[in-house]
1. Where is the GNM fluctuation largest for the chain (alpha-carbon springs, 10 angstrom cutoff): Ala160, Ala278, Ala224?
2. For the chain, take the longest principal axis of its alpha carbons; what is the angle in degrees between that and the long axis of helix 154-164, to the nearest 10 within 0 to 90?
3. Compare Ala156, Ala266, Ala293 in a GNM of the chain, Cα atoms joined below 10 Å, and give the one with the largest fluctuation.
4. Can you tally the net charge around Gly259? Count Lys and Arg as +1, Asp and Glu as -1, for every other residue whose Cβ sits under 15 Å from the Cβ of Gly259.
5. Could you tell me which Cys residues in the chain have no other cysteine's Cβ under 4.7 Å from their own Cβ, answering none if every one has a partner?
6. Pull up the cross-link candidates among the lysines for Lys124, meaning alpha carbon to alpha carbon under 21 Å and not fewer than 8 places away within one chain.
7. Share of antiparallel DSSP beta bridges in the chain, in percent to the nearest 5?
8. Can you give the FRET efficiency to the nearest 0.05 for Ala232 and Asp65, using r as the Cβ-Cβ distance and R₀ = 35 Å?
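Every number in this text was worked out from the coordinates using simple rules, so none of it is lab data. The structure presented is a predicted model; accordingly, all values stated were derived computationally and were not measured. Neighbour counts are summed over all protein chains in view; Cβ atoms, including those assigned to glycine, are modelled from backbone coordinates with ideal geometry.
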Amino acid sequence: MEKTKCLIIGSGPAGYTAAIYTGRANIPTILYEGLQPGGQLTITTEIENFPGYPKGISGPEMMDDLRLQAERFGASMRSGIVTKADLSQRPFRITVDDGTEIEAETVIIATGASAKYLGLDDEKKYAGMGVSACATCDGFFYRKKVVAVVGGGDTACEEASYLAGLASKVYLIVRKNYLRASQIMQDRVMQNPKIEVLFEHNVTGLFGDNGVEGAHVVRRKGEADEQHYDIAIDGLFLAIGHNPNSEIFREYLDTDETGYILTQGASPATNVPGVYAAGDVADPRYRQAIVAAGSGCKAALEVEKFLAERES
Ligand code: NDP
């Protein structure tokens, strides 16, 4: 069985940054890239808020650079999906979808979170061309345009408020007849003249020849007075929640009720010594590349300390 000092699971900014640091510390490192090599940023259009890129950079390009940087310091990049992780004792035993088994002294989980989508074919059709799940990432492209946000929780209200600062108008499309968000966020939304809340509405499709030009919506779906109509929008933002990719670790690791891995204070340490969680899989709040990269760095520094303490 292959053995390694550090196994990193996930290839977003958190995983690659961790690999840069462990590599530079001469810690033998294997990184499994997972289902979507490069992570969520590979499906965003342009990254303008990552420091160091004054002209912006495309998501895939930045992830290619990060990968090359990690490889330069010796991390072994592998394509494959980790399907099983036995974290009950050290060394930890990791199983990959091709059957490979690896024993690792330390593990950094950087598997990210996946935005939930409505499940419409049009979401795929217009991905990166008017459909987004991150207002902070893509809102800037909708200055003085009309957008819609789907969802009624804190994220949706926060994204609608953020977008209202850029766009000329924001529809907030809520399936129930109330918002689930905290009162303060609800007040902020209801008092914003640029936001129109469409309660009891669902999006059923999108249309447009050159990117999104509008959405088909239905009001009071399934009721006697059900009504179908179209709204003209330039962008649709999904804010109906995220799923942290932590399923295979939940048997061993403490998580919150949604499945986000709980870490200890400012450290990415989990409840299992030698196992760290970095990036969105442990971050329901910020979900930013720069924050993920920072936590990947912290996890690698913790791995270095953990190994040094046991080997000295
Ligand atoms: P939530 O689960 O709180 O809300 C999801 C929203 O999306 C709900 O309004 C839900 O509707 C709606 N929704 C879900 N599926 C669909 C669907 N298929 N079609 C239409 N609407 C749908 O997720 P959030 O991401 O908003 O928040 C996650 C957690 O993070 C919460 O605990 C939240 O409080 C917290 N958070 C806190 C912030 C802060 O404190 N500043 C900022 C952001 C998040 P329904 O109500 O009908 O189920």
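1. Among Ala160, Ala278, Ala224, the largest mean-square fluctuation in the Gaussian network model of the chain belongs to Ala224.
2. Rounded to the nearest ten degrees, it is 60.
3. Ala266
4. Residues near Gly259 contribute -3 overall.
5. So, Cys6, Cys157, Cys297.
6. Lys116
7. Counting only bridges with both partners in the chain, antiparallel ones make up about 45 percent.
8. 0.40
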